[in-house]
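Notes follow the structure.
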Amino acid sequence: MNEETHMNHGMAILFKAVLTFLVLWIVLSAIYNVSFLHSTFIGIVLLLVSYVAGDMMILPKMGNMAATTGDLVIGFLIIWGGLLLFGYGNSFGEALLTGVVIAIGEYLFHSWLLRTQYTNRHV
């Protein structure tokens, strides 16, 4: 039986989207004055990549810590690359801080996923 047979992807993506966009809008847009549009675009890319890579591939096979570490790396790289692409030159610290805050939320999100969505997993 497939590990994801009973997974509600809509609910999982909705929860992850709320987490991702709130952090990006608060940290990047409200604190660091990144435009709301740029934060939103970075969030869309981050949401899609980290859901597929971290939550669908790494989490069920390697567990929460590996998936959270992967999300930290993916988040930092996508945020930093996005900020550079949009012309926010010296943005290493902003990307790192935002990635760390997202990773903390991801750890809790992964715990919820493992408990409620991966019904055939015993991690």
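A short reminder: the numbers here are calculations on the coordinates, not readings from a lab. Predicted, not measured: the structure shown is a model, and the values here were computed from it. As a convention, Cβ positions derive from the backbone with ideal geometry for all residues, glycine included, and neighbour counts pool all protein chains shown.
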Point to revise | Dipole-positive endmost among Ala53, Leu83, His38 within the chain (Cβ charges, Cα centre) | key: Ala53
Review point. How long is region 1-117 along each principal axis, judged by its Cα atoms, biggest number first, in Å?
Key: 48, 23, 20
Practice item. Given the options Gly87, Gly105, Gly63, state which has the largest fluctuation in a GNM of the chain using a 10 Å cut-off (strictly under) for Cα springs. Key: Gly87
Practice item. Pop a pseudo-label 7 angstrom from the Cα along the beta-carbon direction at both Met65 and Ile44 and give the gap in nm to one decimal. Key: 3.7 nm
Revision key, fill the gap. Checking Tyr32, Tyr107, Tyr51 against a Gaussian network model of the chain (alpha-carbon springs below 10 Å), the top fluctuating residue turns out to be Tyr32
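Give the order of His110, His38, His9 when sorted by the count of other beta carbons within 10 angstrom, beginning with the fewest. Spell out each step's value before the answer.
Numbers: His110 24, His38 18, His9 12.
Taking fewest neighbouring Cβ atoms as first place, the list is His9, His38, His110.
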Check your understanding: Taking Cα pairs under 8 Å and at least six residues apart, what relative contact order does the chain come out at, in percent?
Key -> 35 percent
Review point. Net charge near Lys16, counting Lys/Arg +1 and Asp/Glu -1 over other residues with Cβ under 12 Å of its Cβ?
Key: -3
**Study point:** On Cα atoms only, tilt of 36-50 relative to the major axis of the chain in degrees
**Key:** 30 degrees
Review point. At what distance in nm do the modelled label points of Val100 and Ala53 sit from each other, each positioned 7 Å from its Cα along Cα→Cβ?
Key: 2.1 nm
Review point. In deg cm²/dmol and to the nearest 500, what is the mean residue ellipticity at 222 nm of the chain if only DSSP H runs of at least 4 residues count, each as -39500 (n - 2.57), divided by the residue total?
Key: -22000 deg cm²/dmol
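Treat the count of other C-beta atoms within 10 Å as a stand-in for reagent exposure and order Ser39, Ser29 from fewest to most.
Values: Ser39 24, Ser29 16.
Going from sparsest to densest Cβ surroundings: Ser29, Ser39.
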**Study point:** Point-charge dipole on Cβ atoms (K/R +1, D/E -1) for the chain, about Cα centre, debye to 20
**Key:** 120 debye
